[in-house]
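The values are calculated or read from the model by the stated rules, or taken from the named source; none is laboratory data. The structure presented is a predicted model; accordingly, all values stated were derived computationally and were not measured. Cβ atoms come from the backbone with ideal geometry, glycine included; neighbour counts cover every protein chain shown. These area figures cover heavy atoms from the full protein model, side chains too; ligands, DNA and RNA do not enter into them. Shrake-Rupley method; radii C 1.70, N 1.55, O 1.52, S 1.80 Å.
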Amino acid sequence: FKETLPSVVGFRNDRVLIGDQARTFLHREPQNVVSRFKRKMGTTESFKIKALGSSITPVELSAHILKELKTFVHSGEQVGAAVITIPASFDTVQCNATKEAGTLAGFSKVILLQEPIAASLAYANKEKNVDLKNSQWLVYDLGGGTFDVALVKIIEGELNVIDHEGDNYLGGTDIDEKIVEEIVIPELHRKGSFNKLLEEMKSESGKYNKLWHILLQKSEEAKVELSTRTSAELDLGAVSGLEDDNGNKIDSSFQITRSELESVIKELIDSTIERMKQILTRNNLRPSDLKFILMVGGSTLIPYLRKRVEEVMGIPINTSIDPTNAIAIGAAYFAGTKEITISKNEATTSVAKLKIRASYNRSSQEQEEVFSAKFEGDLSELQYRITSTDGSFDSGLKKLVARVVEDLPLRAGEFNIFAFKIIDAQGNQVHAEFDTIQIAQGRYSVAGQMLPEDISLVKDNLIDKDTKLQNIFTKNTVLPSIRKITVGVGKSIIKGSSDGVHITIVEGPSDRHSLTNKSIGTLSITGDKLTRDLIRGTDIDLTIEMSESRDLTVSAYLNGTGQEFSQVYVPNQREVSSQRLASEILLLETKLQTEIDEAKKTGSRDTADELVKVLNGVQVLIVQGGVLVIDDVTDKKFQLEDKKRKLAQDMYELTSGKRLTLIKTQYTEVKNEVQALVRDTGNDRERHLVSEILAREQVFINSSGPEKIKDATDELEAIRWEILARTPDFLKGMFHFLLDKRASMNDQIQATQLFENGKRAVERDDFDGLRQINARLWDLIPSKEKDSEEYRAFTGII
């Protein structure tokens with residue numbers, strides 16, 4: 001039986017061709033065959049199919065592959081659930097698209113497993129004679145479309161992913177493209193006359209687009225051959241009807257040598273090595289601290305790759321498992337530790353409503369495993385029975401009590417499945433939520449899957465008219481995970497209005513600007529959903545949950561209305577327009593130039609030099625983006641968009657020092673003023689609050705990020721405002737300031753009355769009354785006026 005299936009789908013009349021059949025068909029009708037679509041999962045891209053007269057999405061193509069894989073099961077069983085492996089660096093949008101493909105293929109349950117974990121499971125459960133206790137290694141996974149490197153450690157019999165780096169647009173496909181672009185196309189130019197050959201190949205409507213797909217496959221075949229031989233033949237004669245621009249037939253073949261291949265992939269391989277070095281540096285590791293580098297993914301069969309990685313890293317490489325099917329084997333081990341439901345052919349009844357909490361290790365190195373369970377509900381006249389599915393163990397009928405404990409014998413090196421049944425006095429099986437015990441003996445299990453990027457909440461920074469990020473889950477957090485936080489409403493939302501609270505979650509570094517990160521989704525609570533007005537400052541209690549397969553659920557409880565809203569975020573598909581991308585790169589170039597000029601003016605020479613390096617990278621993108629055609633069929637625009645986002649993050653990090661200096665200066669100014677105010681007119685509570693802030697000053701003032709300093713400044717500002725709000729000179733000054741703003745106020749009649757009352761309050765030194773009048777006048781000022789620099793300067797709000 002076949003163990004693997006090429007991810008290639010072809011359409012011929014009313015037939016759908018999958019795998020090797022589709023690959024063979026590509027030479028005849030490449031416009032009806034699609035491959036290399038994994039990297040476009042989660043995007044708005046689709047593939048035009050001539051035979052269908054329409055387009056098909058990457059999700060639909062993946063579903064065809066998954067349906068075909070069902071036919072690999074020859075036991076007659078109906079496959080209702082699946083473990084689908086994904087690159088560890090897949091973002092939430094790509095994970096969601098993968099699960100959607102599984103659902104479309106007919107699976108009722110889809111669990112995602114990161115590929116480095118799967119590879120490590122395959123290795124750890126294969127090597128019975130190797131002591132892996134507390135050992136750690138790197139998984140180097142270079143597949144057809146993506147690259148992952150993960151630091152894996154075994155702790156107490158469980159695999160733990162400690163850290164990770166990856167690139168969703170780096171893989172064997174890129175090697176194939178390099179062969180075409182740097183070896184094959186120069187050869188074609190030598191053999192014929194072509195104008196804009198590469199552009200015409202990559203354009204969906206280009207004259208030579210059919211040739212692009214055929215040459216990619218031929219280059220892949222040559223690459224595979226070069227893994228075992230020093231040269232490979234690429235036969236252009238097999239490309240039917242190939243002619244140059246002058247109509248001259250190109251009908252010959254040429255040799256590609258292993259040394260030529262090595263020269264074009266060296267830069268690519270070195271970029272993967274840099275990612276491994278980053279992990280070692282981040283985790284304070286030396287090469288001698290690692291047992292080996294585990295090689296998986298078909299592209300790691302390239303001899304040069306193995307040699308280069310081992311030489312540069314100084315760590316032995318491990319090739320003891322088949323790199324082409326190791327991930328599938330690891331996924332099978334993982335699936336074996338997941339709960340399954342035994343179909344109930346017997347008549348069951350629900351004579352009792354039971355709550356069951358079971359506890360046992362799903363993976364064990366022991367010969368016996370303790371199973372325990374607690375039961376709540378009416379247990380009278382109920383019995384239980386535990387039996388192994390192979391008939392080797394039967395507990396017999398026993399009285400069901402509040403706590404059940406059983407020692408279950410395990411068959412060595414196997415997945416042990418036990419049925420758990422509850423029987424009533426009439427001998428009928430009682431329906432219960434829990435009915436299966438599954439334990440893998442002698443197998444390593446997974447402690448959990450890690451998060452490849454920070455997950456953050458986007459918060460409005462009304463004072464700076466910008467946004468800031470509040471970290472929810474940090475990169476490498478083990479999933480599943482849950483977090484509860486409380487946030488305040490930034491502005492009042494009137495019942496029935498179109499205004500709303502928008503709870504936006506993004507993916508990416510939490511210490512950068514939200515615009516440099518990828519949006520996962522937004523939970524919007526608008527005024528038409530409210531039962532009463534939601535007043536500014538009201539607390540919202542948020543519960544954010546992320547499952548092992550990266551399902552993100554956000555629940556919001558509004559303390560002001562008693563309402564609760566919940567939503568499972570379904571991320572929007574990634575859309576990248578070549579024209580918009582070019583515009584965004586140019587805007588980034590302009591912003592960088594401004595930052596460089598400012599750094600030079602302030603004497604920040606080192607920062608300016610580093611920003612110039614980032615600018616050089618942006619200018620390279622401008623050149624690369626300039627040759628993109630609108631209907632480009634490659635992944636180039638997605639690669640460029642990723643690079644643009646990374647360069648924007650680099651710029652933000654380099655200029656954070658400037659913002660940090662400014663915020664520290666603001667903090668010092670506010671602190672000095674508040675200390676003077678508290679000393680002169682503060683009360684005991686205010687003095688205590690200032691003392692608390694100063695007690696932790698050394699912690700936040702020496703932090704690398706500005707957020708903690710900004711939060712402390714805001715706390716001092718609140719104290720400052722509280723003191724000023726009862727100071728006679730300030731109250732009178734504010735009243736006269738508001739008097740100057742009278743013409744812009746929303747309700748002139750009310751404003752006139754309030755100003756008359758205010759004048760009398762000033763004359764009588766009624767400062768409590770004046771404080772209330774100022775507050776009511778403040779409410780009459782339009783929002784835009786409140787945000788003016790003039791008002792902010794007067795009140796001292798920074």
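Key figures for this structure:
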item: Considering residues of the range 38-51 that are open to solvent by 60 Å² or more (accessible area, probe 1.4 Å) and either without any contact (Cβ under 8 Å) to a residue 60 or more places away in the chain or within 21 Å of Phe72 (Cβ to Cβ) (or both) only, the residue nearest to the chain's Cα centre (by Cα); result: Lys38
item: Close pairs (6 angstrom Cβ cut-off, 6 or more residues apart or separate chains): within 12 Å of Asn361 (Cα to Cα) in the range 402-420, outside any loop (DSSP other than H, G, I, E, B) and of a type in the set (Phe, Trp, Tyr) anywhere; result: Leu408/Phe371
item: Per-region count, the range 225-258, residues surrounded by 14 or more Cβ atoms within 10 Å (Cβ to Cβ) and in a helix (DSSP H, G or I); result: 3
item: Count of residues meeting criterion [assigned to a loop (DSSP other than H, G, I, E, B) and either open to solvent by less than 20 Å² (accessible area, probe 1.4 Å) or of a type outside the set (D, E, K, R) (or both)] in the range 313-332; result: 9
item: Residue in the range 397-429 that is modelled with the highest pLDDT, counting only those that are small (Gly, Ala, Ser) and over 30 Å from Tyr333 (Cα atoms); result: Ala402
item: Which numbered condition Ile781 fails, given (1) in contact (Cβ under 8 Å) with a residue 24 or more places away in the chain; (2) open to solvent by less than 50 Å² (accessible area, probe 1.4 Å); (3) closer than 30 Å to Val487 by Cβ; (4) not in a loop (DSSP other than H, G, I, E, B); result: (4)
item: Subset tally (residues that are in contact (Cβ under 8 Å) with a residue 24 or more places away in the chain, more than 19 Å from Lys70 (Cα to Cα) and of a type in the set (Lys, Arg)) for the range 1-37; result: 3
item: Pick from the range 104-120, criterion open to solvent by 40 Å² or more (accessible area, probe 1.4 Å) and not polar (S, T, N, Q), ranking: nearest to Ala440 (Cα to Cα); result: Lys109
item: Residues that are hydrophobic (A, V, I, L, M, F, W, C), outside any helix (DSSP H, G or I) and surrounded by 16 or more Cβ atoms within 10 Å (Cβ to Cβ), drawn from the range 52-67; result: Ile56
item: Hits in the range 424-437 (condition: touching a Phe, Trp or Tyr at 6+ places or on another chain (Cβ under 7 Å) and surrounded by 17 or more Cβ atoms within 10 Å (Cβ to Cβ)); result: Asp435, Ile437
item: Single condition Leu261 does not satisfy, out of (1) of a type in the set (A, V, I, L, M); (2) more than 31 Å from the chain's Cα centre (by Cα); (3) at pLDDT 90 or above; (4) not in a helix (DSSP H, G or I); result: (4)
item: Residue tally, condition over 22 Å from Ala88 (Cα atoms), in a loop (DSSP other than H, G, I, E, B) and of a type in the set (D, E, K, R), over the range 18-44; result: 2
item: Strands (runs of 3 or more DSSP E) wholly inside the range 480-548 containing at least 2 residues that are crowded, with 20+ Cβ neighbours inside 10 Å and touching a Cys at 6+ places or on another chain (Cβ under 9 Å); result: none
item: Residue tally, condition open to solvent by 40 Å² or more (accessible area, probe 1.4 Å) and either of a type in the set (Ser, Thr, Tyr) or touching a strand residue (DSSP E or B) at 6+ places or on another chain (Cβ under 8 Å) (or both), over the range 93-103; result: 1
item: Some residue of the range 369-388 being under 37 Å from the mean Cα position of the chain (by Cα), polar (S, T, N, Q) and either at pLDDT 90 or above or farther than 30 Å from Pro116 by Cα (or both); result: yes
item: Looking only at the range 621-639, and only at residues there that are hydrophobic (A, V, I, L, M, F, W, C), under 15 Å from Glu584 (Cβ atoms) and in a helix (DSSP H, G or I), the one that is most open to solvent (accessible area, probe 1.4 Å); result: Ile622
item: Index of the failed condition, Glu310 passing every other in (1) buried (at least 18 other Cβ atoms within 10 Å of the Cβ); (2) in a helix (DSSP H, G or I); result: (1)
item: Selection within the range 89-120 - part of a helix (DSSP H, G or I), polar (S, T, N, Q) and over 25 Å from Val506 (Cβ atoms); result: Thr103, Ser120
item: Failed item in (1) within 19 Å of the chain's Cα centre (by Cα); (2) open to solvent by less than 10 Å² (accessible area, probe 1.4 Å), with Gly19 passing the rest; result: (1)
